[in-house]
Amino acid sequence: RPGGTPNGAGWAGNGVASVALALVITRMSRLILVALFWAGHARHTPPPEGAICSKVYHPSRRVVSIGDLHGDFRHASAELEALGLLKDGHWSGGESVLVQTGDVVDRGDDGKRLLELLFRLQDEAPTSGGRVVLLFGNHELMCMQDDLRYTSPADIEAYGGREAFTEAWSPGGTIGRELRRRNQAVEVIGDVLYSHAGVLPETLRTYATKAVGADAVHALNAEARRALQADKDGLQAETFAGHWSALLRDDGPFWTREFALAPEDEACPLLDEVLTTLHARRMVVGHTPSENGEVRTRCQGRLVLADTLLSQAYTGSDDASKMHAAAVVFFNHSDGAAAVHPLRQSAPSCQPLGGKLPAFTQQEVPELLSPTAEHAATALLQGPQAFRGARDSGKLIAGSQLDRRGTGPIRGGALAGLALVGSARYMLLCSAAVVVIVLVAVCLRTRQCARFHEKGGSKDSD
C-alpha cells in the first residue's frame, strides 16, 4: 500500500497478531474452565439419594469395594457379575476400580480359585482403563505363617496337600510370590481410605513418620511388603515375639478391631487423626463382620464397616449368602456413596451412605481421576516444563496415587478441571480453536481488504 506497510509485512504482522490472540484466548479459556470447576465445587452438595442408586450398575468410572470373601467362589463371582465387573470369567468393568479389602481365603473351600480369579482380573482391568486393588487381610497373613487353623481340607487339597500348600504360600511359591507382588496394606482412592482392619495413628507415627497423604500410604505399603518377604518362621517370630514389624501384630492394619468395637468417643478421634493425615474423608474396612448382612457406618458415616459375611461357610445357606453379599460403591468422591446388595431380590438392594464428613481441605483431591489425569493435573499445576517432563518420563501413561504435594489452594474440583485441561483431547481442541481463530482472522482481513479496494483506498493512499 502506498504510504503504508508493505503487503507481505502486513500479512505477516496480522498473522502473528492472530496467533497471539488465539493463544491469549486459549489461556483465558483455561482459566475460565478452572474457575467454573472451582465454583461448581464450592457449591457442591451431595447428590440426591435416588440419583446415587440409579447409577450403581452403570459402567462409568466408579470405585467398588467388596469385603471378606472367605473361600466362597460361587457367591463372590455371582456378586462381581451382578456388579458388572465380571463376565465369562474375565474383567467387564470398563474404567471401574475394584477394591478387595482382604480375607479372600480360609473358612470356605475355594480360596485358591478365588485368588487366581482376582489375579486375572487385576491383569485384565488396565486394558480397558480399569483397576483392581487387592489388600492383605489377616487370613492371608495366617496362611503365609502356615497357620492353617481356618483353612478347609478341600482348599488344602486344591494345592496338592499340606506340604504343597506351604510351598505355594512361601515367598517363592506360586501364590505367595504373587500376593507379595500384587497386594497392599492400605490404599487411598479419591478421598476414601481402604484397609482390611483399619490404620491407627500409632501405626502412622511409627512407619510413616512426618509423612502425609500419598507419601504416608507409600511408606505403609513399603513397610508391609518388606515385612512380608520373610518365610513362615520369620513371620511368626516377627508377629508373636514382638519383633520390629508392628504392622503384623494385633494393633496393625490386618488385625485391629479398635475402630469397629471401641466406643465412638474413643474410636472417632483416632479415625479423624488418620483421615486428616492421609487426606481422606472416609475409611472402608472389612474384618469385623456385620452379622445381619448390612453395611454399617460409625463416626457419622466416616467409618464404613463392609464385612457382611458373604461366605456360605458362615451363613450356612445359599439364600442367606445372597442376602449378605454386599459392596460399597463410590462416585467421584465420598459424598456420592452407596451400600449395594446386588444379589438381593426380596429386599432393598441399594442404600445411600450419608453422614457428616469433614470439609474438603486444600490438599485434597476427591475426584476419581484416572492415573493419567492425576499426573497430568499435578504436572500442570507445576507448570509447562513439569507437564512435559511427566509426559516424557511416562507418568502420564501409568501411575497410581496422586502426589498432592505442591498443589497449594487448588481444590479437588479445580484440579479435576486442570486434569481435563491437560488431557490430550483438550489439547487437540485448543489446537483446533487456534486454527479456527486464525482462519477467521484471515477471513476478516480479506473482507477488510476487499472493502478497502472497493472504496478506492484509504486515507493513506490520498
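The values are calculated or read from the model by the stated rules, or taken from the named source; none is laboratory data. Here the structure is a predicted model, which is why all the values come from computation and not from measurement. Cβ coordinates were reconstructed from backbone atoms using ideal geometry, including for glycine residues, and neighbour counts include every protein chain displayed. All accessible areas refer to the heavy atoms of the entire protein, side chains included, with ligands and DNA or RNA removed. Shrake-Rupley method; radii C 1.70, N 1.55, O 1.52, S 1.80 Å.
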Filter the stretch 285-297 down to the residues that are touching a Leu at 6+ places or on another chain (Cβ under 7 Å) and farther than 15 Å from residue 342 by Cα, then identify the one that is most open to solvent (accessible area, probe 1.4 Å).
291
Note: among 236, 229, just one is in contact (Cβ under 8 Å) with a residue 40 or more places away in the chain, surrounded by fewer than 20 Cβ atoms within 10 Å (Cβ to Cβ), outside any helix (DSSP H, G or I) and not charged (D, E, K, R), namely 229
Can you name the condition, by its number, that residue 242 falls short on among (1) modelled with pLDDT of 95 or more; (2) under 23 Å from residue 140 (Cβ atoms)?
(1)
Across (1) crowded, with 20+ Cβ neighbours inside 10 Å; (2) assigned to a loop (DSSP other than H, G, I, E, B), residue 329 clears everything bar (2)
Looking at (1) touching a Phe, Trp or Tyr at 6+ places or on another chain (Cβ under 9 Å); (2) buried (at least 21 other Cβ atoms within 10 Å of the Cβ); (3) more than 20 Å from residue 353 (Cα to Cα); (4) not charged (D, E, K, R), which is the only condition residue 246 fails?
(2)
Would a scan of the stretch 160-182 turn up a residue that is touching a residue at least 40 places away in the same chain (Cβ under 8 Å), closer than 16 Å to residue 283 by Cβ and touching a strand residue (DSSP E or B) at 6+ places or on another chain (Cβ under 8 Å)?
no
Among the residues of the stretch 79-98, is there at least one that is within 24 Å of residue 288 (Cα to Cα), touching a helix residue (DSSP H, G or I) at 6+ places or on another chain (Cβ under 6 Å) and not in a loop (DSSP other than H, G, I, E, B)?
no
Check residue 127 against each of (1) among the hydroxyl-bearing types (Ser, Thr, Tyr); (2) over 16 Å from the mean Cα position of the chain (by Cα); (3) open to solvent by less than 30 Å² (accessible area, probe 1.4 Å) and name the one condition it does not meet.
(3)
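Matching residues to (1) of a type in the set (A, V, I, L, M, F, W, C); (2) touching a His at 6+ places or on another chain (Cβ under 9 Å); (3) under 26 Å from residue 288 (Cβ atoms):
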{"site": "173", "(1), (2), (3)": "no, no, no"}
{"site": "197", "(1), (2), (3)": "yes, yes, yes"}
{"site": "200", "(1), (2), (3)": "yes, no, yes"}
{"site": "205", "(1), (2), (3)": "no, no, yes"}
{"site": "214", "(1), (2), (3)": "yes, yes, no"}
{"site": "224", "(1), (2), (3)": "yes, no, yes"}
{"site": "233", "(1), (2), (3)": "no, no, no"}
